[in-house]
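Accompanying notes for the structure given below.
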Ligand SMILES: [Zn+2]
């Protein structure tokens, strides 16, 4: 590989001029559309029902005519044969080489079929991420996650090998054993959810090991928005003495975005492999201008087993109004995924994104990493209870901390909170996806 001096995994695609990138995207969109129409019974039925066929898409602008898919449809369609994926499948069942499923945090899990070609594509997409985050063949990379039916960091593992790193799979080890192994082997990088990265640091400290002394240089976070929340990112970087980068992907979509070493406030969309459109939540218009929040509609151009075309992900994102100094022409989403259309909820008539609460809490060095937000309804009035932990040594400043926290939360979210202090280490810890926001109102 002639990549030694390049900062790009693919110097041509990552710096392609915008108009050429658009042309490539259009060509690839048409290709996957035709593939799905011709090979997936679901897609043929779906597009025919809407009176469309691939030939109707003649310009880039026509893409928005293609009806969107969503998770509900994925669940519905998997009740049909072939078992267990349903007829969205666009390859013979015998070509499927790996089963994955979504975590099911928002309902019935979606079963995901990938072919070997799809799996190579996953690893290629992840190679862009890791290379942009400084992973090289001199890195020894630790993977502290349960290798199982969830895609999690599986593709990160394969991509790290593809990039040339040495990979240490830390599958069934417990957190203490993982820390000792990372220390023993002098690992230089690892990948985990931000919650688990912070949890590992706590465990290391309890074992008498300062995480900074392990020698980790870079950490790739995914699965939760933490590494795009400046206060959380800063906390992780200071705790581990390492650079922290975010990546966003999804089982049913693929690995579509990444932060690079230039550390701008956003994530590049891998536009050579994905088309990201942002749709105005109220009007349904496609938003091209930076700065306006909308929901993401995404297409994976090269996923053939179970194609993902104009998938309504319910993620709220916005285009950045700045460019990244790295020189990549891939557009940037500002601040990562801001929330989910379903999570951004009205409390006391005010729109509340749970990430805003996290930003405030993680900016207090006196507070523990864990917290919980519980919204309830008493009569007609919404009530927000915030459970926090105060770190040992700061308990005597409790009143001052609570007063400042209330102030800052009011400034950031326009809402008042009831506070509950819990003993340090007593709130639930999560290894996979944290569930810190609980809406107990009956909508
Ligand atoms: Zn960049």
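Any read-out appearing in this document is the output of simple, stated calculations on the displayed coordinates, not a laboratory observation. Here the structure is a predicted model, which means the values were calculated and not measured. Positions of Cβ are backbone-derived with ideal geometry, glycine not excepted, and every protein chain shown enters the neighbour counts.
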Inter-label distance for residue 186 and residue 23, nm, one decimal - labels placed 7 Å from Cα along Cα-to-Cβ: 5.0 nm
Unit Cα scatterers, Debye sum, segment 113-221: log10 I(q)/I(0) for q = 0.10, 0.20 Å⁻¹: -0.27, -1.03
With eigenvalues of the C-alpha gyration tensor scaled by 5 and rooted, segment 1-127, Å: 29, 22, 13
DSSP bridge orientation in the chain - percent antiparallel, rounded to nearest 5: 65 percent
Residue-span extension gain [residue 289 to residue 422] - 0.36 nm each, minus C-alpha spacing: 43.5 nm
Alpha-carbon Debye profile of segment 223-351, log10 I(q)/I(0) at 0.14, 0.18 Å⁻¹: -0.64, -1.02
Centre separation in Å (Cα based) which lies between segment 312-327 and segment 378-443: 30 Å
Cα-based Rg / Dmax (Å) for the chain: 22.3, 70
Within the chain, helix-based [θ] at 222 nm, where runs of 4 or more DSSP H residues each add -39,500 (n - 2.57), nearest 500: -9000 deg cm²/dmol
Pairwise Cα inverse-distance average, inverted: Kirkwood Rh of segment 281-324 (Å): 12.0 Å
Equivalent ellipsoid dimensions for segment 213-265 as semi-axes, Å, which come from the Cα gyration tensor, largest first: 21, 11, 10
Tail weight of P(r) past 22 Å, computed on alpha-carbon pairs of segment 317-443, percent: 44 percent
Inter-label distance for residue 207 and residue 365, nm, one decimal - labels placed 7 Å from Cα along Cα-to-Cβ: 2.6 nm
Cα-derived Rg to Rh of segment 370-435, Kirkwood definition: 1.00
Equivalent ellipsoid, segment 1-73 (semi-axes from 5 times Cα gyration tensor eigenvalues, Å): 32, 15, 11
Part-to-part distance (alpha-carbon centres) for segment 91-136 and segment 207-238, which is given in Å: 25 Å
Relative contact order, percent, segment 345-439 [alpha-carbon distance under 8 Å, six or more residues apart]: 35 percent
Cα centroid separation - segment 1-53 against segment 143-170, whole Å: 26 Å
Computed over the chain: relative contact order in percent, which uses C-alpha pairs under 8 Å that are six or more apart: 14 percent
Relative packing of 160-166, 267-273, 78-84, 349-355, which averages over residues the other C-beta atoms within 10 Å, highest first: 267-273, 160-166, 349-355, 78-84
Crossing angle, helix 154-163 versus the chain [Cα axis fit, 0-90 degrees, rounded to tens]: 80 degrees
Extension reserve of the residue 395-residue 80 stretch, reckoned as 0.36 nm per residue once the Cα distance is removed: 107.7 nm
